[in-house]
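A short worksheet on the structure shown next.
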Amino acid sequence: MNIYSASRGADVSAEGIDSALAELQREVEEAGPQRRADVLARIARDARVTIVRTIARARLGHIGGDLSVIDILTTLYFGILRVCPQNPSWPDRDRFILSKGHCAVAFYTVLARAGFIPRELLDQFARPLSPLNGHPARHKVPGVEANTGALGHGLPFAVGCALAAKMEGSARRIFVVLGDGELQEGSNWEAAMMAGHHRLTNLTAIVDRNGLQQGARTEATNQLEPLTEKWRAFGWDVIEVDGHDHAALLEAIELPRSGYPRCIVARTVKGKGVSFMEGGAEWHHKVPTAVQVEAAVQELCR
């Protein structure tokens, strides 16, 4: 079955759709300001267990980055985004681009939880002929807006989407999540300059600032700090938050716009949630053993 074609429905709106995503979004909304973060944290915890098991089963993946970004993805999909699993091509949907495409398992896990793809499809991650490749592919997986993984491409794509929406007078919003290591690519700063120039208030960039890239700390490879000041210099409204604090993420995204695109620098921990992975550069793409998987799951389920 072509899962992308099968998931495309008639032309429908996002309102009133009885789906896994709608149910979870309702649960988050009805929880009220005090408990919204608790509901999102529960979803993220379950997603972490799925990530660990999926990567262990496939014997490949980028587990450290998946665990650092999952709170951001959970907040976006279940607390913010207006998207429609029954009709992924709904014209007025918000657009989400995962620029750090190597963290595809976290993305697939959220798409499965939201109802874009069957949950059992996660068992096929990285198998021959599986649509769930090591990097997300737009024409293979519903809910994926762009093929990503070639670092430095996601933000330019998102800027184009935001500019198009502005020219069309559309209310759709554009969100892009970047890795901090990929900010060493010059294409990001060309895109950032253009977004600032055009005052793309419909654009939000979130940096998964875990401080690590493949094999080393970002600051040892090519210094990024002072990162917030750099984004401001390119004409962005910048907010720095704890990237594992769902309430802080929600507030940063929902704050009224100041007339500029918004960058959220989300301070995160690579391998977050599994103590023996946290802050370890080797977990960029190391695969846990069976014993480590059980230890990780037990720790996550406490």
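Of note:
- The stretch between Glu29 and Val49, if pulled fully straight at 0.36 nm per residue, gains 4.8 nm over its current Cα-Cα span.
- Computed in the context of the full set of protein chains, the accessible area of the chain at 1.4 Å probe radius has 51% of its extent on carbon or sulfur.
- Beta-bridge orientation, the chain: approximately 10 percent antiparallel, per DSSP, counting only bridges with both partners inside.
- Here the ratio of the Cα radius of gyration of the chain to 2.2 N^0.38 Å is 0.94.
- For region 119-167, the relative contact order comes to 18 percent (Cα pairs under 8 Å, sequence separation of at least 6).
- Förster-model FRET efficiency, 22 Å R0, Glu120 and Ala20, C-beta, rounded to 0.05: 0.95
- Trypsin sites (Lys or Arg not before Pro) within region 42-130, DSSP loop, no more than 10 other Cβ atoms inside 10 Å: Arg59
- Annotation: the antiparallel percentage among DSSP beta bridges lying fully within region 179-296 is about 15.
- With a threshold of 32 Å on the Cα-Cα distance, the over-threshold entries among Lys166/Lys270; Lys140/Lys230; Lys166/Lys272; Lys140/Lys286 are Lys166/Lys270; Lys140/Lys230; Lys166/Lys272.
- Per-q log10 I(q)/I(0), region 78-169, q = 0.10, 0.16, 0.17, 0.24 Å⁻¹ (Debye; single scatterer per alpha-carbon; no solvent): -0.26, -0.66, -0.74, -1.34
- Look at the alpha carbon pairs under 8 Å that are at least 6 residues apart: their mean separation over the length of the chain gives a relative contact order of 21 percent.
- Structure-based [θ]222 nm, the chain - -39500 (n - 2.57) summed over DSSP H runs of at least 4, per residue, nearest 500: -12500 deg cm²/dmol
- Accessible surface calculations at 1.4 Å, restricted to protein heavy atoms, place the chain at 42 Å² per residue.
- Available extension along the chain between Thr289 and His197 is 28.3 nm, counting 0.36 nm per residue and deducting the alpha carbon span.
- Kirkwood Rh and Cα Rg combined as Rg/Rh, region 27-93: 1.05
- When the chain is described by a simple charge dipole with +1 on each Lys and Arg Cβ and -1 on each Asp and Glu Cβ, the residue from Ala165, Phe234, His285 located farthest towards its positive end is His285.
- Percentage, to the nearest whole number, of Cα pairs in region 159-302 over 26 Å apart: 34 percent
The values are calculated or read from the model by the stated rules, or taken from the named source; none is laboratory data. Model, not experiment: these values are computed from the prediction. Cβ atoms come from the backbone with ideal geometry, glycine included; neighbour counts cover every protein chain shown. These accessible areas exclude ligands, DNA and RNA; they are computed on the full protein's heavy atoms, side chains included. Shrake-Rupley method; radii C 1.70, N 1.55, O 1.52, S 1.80 Å.
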